[in-house]
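**Student:** Dropping a structure here in structure tokens format, bear with me for questions.
The values are calculated or read from the model by the stated rules, or taken from the named source; none is laboratory data. Since we're looking at a predicted model, the values are computed, not measured. Every residue, glycine among them, receives a Cβ derived from its backbone with ideal geometry; neighbour counts consider all protein chains shown.
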Ligand SMILES: Nc1ncnc2c1ncn2[C@@H]1O[C@H](COP(=O)(O)OP(=O)(O)O)[C@@H](O)[C@H]1O
Ligand SMILES: [Mg+2]
């Protein structure tokens, strides 16, 4: 110990006296403060960390270089032989260097963390969930620096040839966020999904370019710790093997070490390979952007017809969110007509393990796509209770694991009477179908999972919630906060507490706008909105803001750190939210989109008070695609509609849009002729 | 005091034998290891200092065998052939560091002060290594080697690259070490051995070709060394034919010494000096 401490001291002396050390440290700190400052300034507090990949990548190169340099110090100063003859000299030296590496990494990371704290104070940002910030620094800064530093040392111990620098450079790329570019090319080339490999070796952040998800928080899943654990174990073992090699009793110690290493890495690797939900945002096949989209592109049809004569009356749930979602429940049913089967909609990656009656009799069931088919005969008005258990990974859009839960009521995470398919694929994005729940359902939820849970049910005990609602069940747990205002209970990401100060105002506006649109389109008036969730739900269309969704008394608003709350952008989102039903989702997307854009245009014309930051979307698109031959059909539609809207007054247009919305909300699929017919009708009426 | 016993040590690098069955018995005092470059001196020293493992053979010193390198490391002090230390660190700092590394716990400062005095570097103790001359660095090297008063001190080519003045000072320093320890000095410079050592071994191509006292070596050669004189022209003619081991140019004539088993015309028997004896030995070994 003394020797290690002593060599640590000397290593420090040596490093301290190199101007390089200070230069690199200064560079690192100034780059970090610059980056953090910019991010804080634009209100992206979480993003300040998750987009720090290039800093980390730089740090990885520095660590590799430092590790390499430090073990070659003796070689460079011709003192290597000497330390080789001192009792345990090399071992003490290497351990001293390792300690210094760790201390320097710690120092750099502490500086960065301190900067973060400083800026948090400076920008009056809230301090909630600061432990997550520290965890992030540990997982994505400190451990990576240590791992690559040790790799640098190993390289230095193996070779000190010129080629070593090239090797370090390649290792730096392989082990950092830069490896994405490498594996992207490789994946394309070999047409195989190599991203899991890339993720495994990447000790930095895996998706540095996507905006921070304020509900999900920093990517701190258990799997990421396991990955770092495996790598750390591997490099430490390699390093110790190299130290032990200096010893004559090498083989004995080496043997024991190998066995220990083998055992612990097997455990870690098997834990790592355990099926669980890790959120990757961009490129991988199971990423948020790709997974559901790819699935629903191929699976758009239900296997069994939807049950019509059975209703769910109650759910008594045990929900566990840990590396995935596990639910066991007592499900209350009532038949409105005789039936021998019940068909539920349930997201396909939630695998049912058992279905029983209350008496314990196992019922046969089948899962196909998003459907769960249970053989169970019910007479008219018969009530039944089923015991159902299932577990698996939820959709990447609607995650549930040890780090966060976001299960909105309109997503089929509970076996419910739904559309038979959970979502519809539309141009590389998905639109979840609503759940059919016309009658009140009684819910009781026992929850064990991360962080405080937010749901609209009443809290009975520490982990038990209960209530009756027609609104479905929404569970949210993450870095969230709750605010109860006069009009509604608002649940929102805590990192957005500053940007969401005007949330109430926003909610009011949405309410006003939606009731107005509802009136115009003569849609049934809605129950008052009592719960508002600001969540990281995705837009349902790439063409316009579509981040708002209603269930009966609940409103969901999709937000991220970079969300801009522009009134103009609210119009399409609210319009879609108002007209949306399962038929609207089933319509050809271009028909829905055309309606939304036309309505948006008209709304803006009819409400000159709304601040126009830009031209209405319809005109913007027209400017953009005017001369694009591929968009010719679309442009013709635009022009026809614009001409039509110019020649009709508001009363006529109201009736036009009302009829159009009605058509969209009905079962028949619309086409251009239908829209033309609607226009002709108004023309004829004139 | 114990003797250092080197028993049939062989060291092969792939097929090449850098050392071939070396057996030596080394008593306390100054022991010289003489041989041309590439003879295997450094290899032997690195084996003695446990940096490399021999391919075959054993080494013991009293109860300690070289099978337990950590025990050996407590015994030895080593000044490697190409030696320097961290450039940016002061003499005292580095010596204190090495003292700790050697496991010295108490009286470290005193020990460092003592060795600095022994090598006469007290005045430079706060200088960084990069500010010292080659000779001073070498003396720091000795200082660190003797820090923990080792029983065996191994010094590889200590005088190479030093200027004559430093070399003489350094030899004096080495000589003093022999009083209390077994000191093994390797060199390819005969003069070093002459002024430092009591006994020596001569290595050539991995073999010991001589092992004994300085006197024995000169006596060995005594019968076969002759001295002759010739004009410049005659001398250059003779170079190719005769085995000339030394020559001197005086008064426009060459006086030179020749190795020959047969008497030569015009030559007279002389007692060779150590260098000549060494040359003689190397010549003999060639045959
Ligand atoms: N690590 C090595 N690998 C291969 N050959 C070596 C190695 N070390 C030394 N040798 C060879 O062994 C011979 C003896 O070298 P060395 O012990 O350094 O000689 P000396 O110190 O007497 O000049 C040389 O021919 C050298 O090339
Ligand atoms: Mg040598």
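**Student:** Within segment B:101-112, is there a residue that is in contact with a strand residue (DSSP E or B) (Cβ under 8 Å, 6 or more places away or on another chain) and surrounded by 20 or more Cβ atoms within 10 Å (Cβ to Cβ)?
**Tutor:** No, segment B:101-112 contains no residue that is in contact with a strand residue (DSSP E or B) (Cβ under 8 Å, 6 or more places away or on another chain) and surrounded by 20 or more Cβ atoms within 10 Å (Cβ to Cβ).
**Student:** Which ones in segment B:1-33 are in contact with a strand residue (DSSP E or B) (Cβ under 6 Å, 6 or more places away or on another chain) and near ligand 1 (Cβ under 7 Å from one of its atoms)?
**Tutor:** Passing the criteria: only B:18.
**Student:** Kindly list the number of the only condition in (1) crowded, with 21+ Cβ neighbours inside 10 Å; (2) closer than 30 Å to residue A:20 by Cα; (3) away from ligand 1 (no atom under 16 Å from the Cβ) that fails for residue B:90.
**Tutor:** It is condition (1) that residue B:90 fails.
**Student:** How about segment A:61-150: which helices (runs of 4 or more DSSP H) wholly inside it have at least 2 residues that are away from every other protein chain (no Cβ under 14 Å), closer than 24 Å to residue A:177 by Cα and free of Cβ contacts under 8 Å to residues at least 24 places away in the same chain?
**Tutor:** A:89-122, A:130-137
**Student:** Please specify each residue of segment B:13-30 satisfying the condition of being under 20 Å from the mean Cα position of the chain (by Cα) and away from ligand 2 (no atom under 16 Å from the Cβ).
**Tutor:** Of everything in segment B:13-30, those that are under 20 Å from the mean Cα position of the chain (by Cα) and away from ligand 2 (no atom under 16 Å from the Cβ) turn out to be B:20, B:21, B:23, B:24, B:25, B:26, B:27, B:28, B:29, B:30.
**Student:** Among the residues of segment B:52-68, write down those that are crowded, with 21+ Cβ neighbours inside 10 Å and at the interface with chain A (Cβ under 9 Å from one of its Cβ atoms).
**Tutor:** none
**Student:** Among residues belonging to segment B:34-49 that are more than 12 Å from the chain's Cα centre (by Cα), more than 7 Å from ligand 1 (Cβ to nearest atom) and assigned to a helix (DSSP H, G or I), point out the one that is nearest to the other protein chains (Cβ to nearest Cβ).
**Tutor:** My answer is B:46.
**Student:** Tell me which residues, restricted to segment B:183-207, are farther than 29 Å from residue B:165 by Cβ and either surrounded by fewer than 21 Cβ atoms within 10 Å (Cβ to Cβ) or under 14 Å from the mean Cα position of the chain (by Cα) (or both).
**Tutor:** Matches in segment B:183-207: B:204, B:205, B:207.
**Student:** Considering every residue within segment B:21-30, establish whether at least one is over 20 Å from residue B:188 (Cβ atoms) and at pLDDT below 90.
**Tutor:** So far as segment B:21-30 goes, no, none of its residues is over 20 Å from residue B:188 (Cβ atoms) and at pLDDT below 90.
**Student:** Being without any contact (Cβ under 8 Å) to a residue 60 or more places away in the chain, crowded, with 21+ Cβ neighbours inside 10 Å and under 23 Å from the mean Cα position of the chain (by Cα) is the filter here, so list the residues in segment A:465-490 that pass it.
**Tutor:** A:490 - this is the single residue of segment A:465-490 that is without any contact (Cβ under 8 Å) to a residue 60 or more places away in the chain, crowded, with 21+ Cβ neighbours inside 10 Å and under 23 Å from the mean Cα position of the chain (by Cα).
**Student:** Continuing with this model, one more query. Of all residues in segment A:18-31, which are surrounded by 15 or more Cβ atoms within 10 Å (Cβ to Cβ) and either closer than 28 Å to residue A:96 by Cα or within 14 Å of chain B (Cβ to nearest Cβ) (or both)?
**Tutor:** Of everything in segment A:18-31, those that are surrounded by 15 or more Cβ atoms within 10 Å (Cβ to Cβ) and either closer than 28 Å to residue A:96 by Cα or within 14 Å of chain B (Cβ to nearest Cβ) (or both) turn out to be A:21, A:24, A:25, A:28, A:29.
**Student:** Yes or no: residue B:120 more than 8 Å from every other protein chain (Cβ to nearest Cβ), surrounded by fewer than 20 Cβ atoms within 10 Å (Cβ to Cβ) and under 30 Å from residue B:281 (Cβ atoms)?
**Tutor:** No.
**Student:** Here is a follow-up. Restricting attention to segment B:78-108, which residues are out of contact with any helix residue (DSSP H, G or I) (no Cβ under 7 Å at 6 or more places or on another chain) and more than 8 Å from every other protein chain (Cβ to nearest Cβ)?
**Tutor:** Listed by number, the residues that qualify are B:90, B:106, B:107.
**Student:** Quick one: count up the residues across segment A:500-509 that are in contact (Cβ under 8 Å) with a residue 12 or more places away in the chain and surrounded by fewer than 21 Cβ atoms within 10 Å (Cβ to Cβ).
**Tutor:** Going through segment A:500-509 one residue at a time, the tally reaches 6.
**Student:** So, residue B:112, is that one within 16 Å of ligand 2 (Cβ to nearest atom), in the same structural domain as residue B:24 (by the TED database), outside any loop (DSSP other than H, G, I, E, B) and under 26 Å from residue B:88 (Cα atoms) or not?
**Tutor:** no
This table checks each residue for (1) in contact with a strand residue (DSSP E or B) (Cβ under 6 Å, 6 or more places away or on another chain); (2) away from ligand 2 (no atom under 16 Å from the Cβ); (3) free of Cβ contacts under 8 Å to residues at least 24 places away in the same chain.
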site: B:128; (1), (2), (3): yes, yes, no
site: B:134; (1), (2), (3): no, yes, no
site: B:145; (1), (2), (3): yes, yes, no
site: B:162; (1), (2), (3): no, no, no
site: B:170; (1), (2), (3): no, yes, no
